[in-house]
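The values are calculated or read from the model by the stated rules, or taken from the named source; none is laboratory data. The structure displayed is predicted, hence computed values, not measured ones. Please note: Cβ atoms are built from the backbone with ideal geometry, for glycine as well, and neighbour counts cover all protein chains shown.
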Amino acid sequence: MKEALIPLLVPTLIFFMLSAAPFVHAADTSDENLQKIKEPLERIYTVVQTLISIVAVLVITFAGFRFMTSGENIQTRESAKQMLSYAVMGLLIIWIAPYLVNFLTAA
């Protein structure tokens, strides 16, 4: 199960690095230069966010299928619940993180 989470963790870590990058202050902090840095990173973030969201929906669907077909196998049922909770947490992280970064850097 932990090996299956690694492909989900790597994009999440990349997301955190990309979401913080536009807010790093360079030597020249004019709006024009900041915008030049910010625009491509926002496009990359949007693509990564979309891909991770699609993968998370597929994982949620698969976890629901495993849960429904587990029958009396408690181990499979618990594995499906855990998979579902990890996918939902990943979705929350990927969608809430930019707002959190904006909130923390606006101060």
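Within the range 77-107, the set of residues being surrounded by fewer than 16 Cβ atoms within 10 Å (Cβ to Cβ) and among the aromatic types (Phe, Trp, Tyr) comprises Trp95, Tyr99, Phe103.
Checked against the criterion of being within 12 Å of the chain's Cα centre (by Cα) and either closer than 19 Å to Phe103 by Cα or modelled with pLDDT under 95 (or both), the candidates Thr76, Thr50 yield just one match: Thr50.
Here the range 45-76 is the region considered, the condition is being surrounded by 14 or more Cβ atoms within 10 Å (Cβ to Cβ) and aliphatic (A, V, I, L, M), and the residue that is farthest from Leu91 (Cα to Cα) is Ala63.
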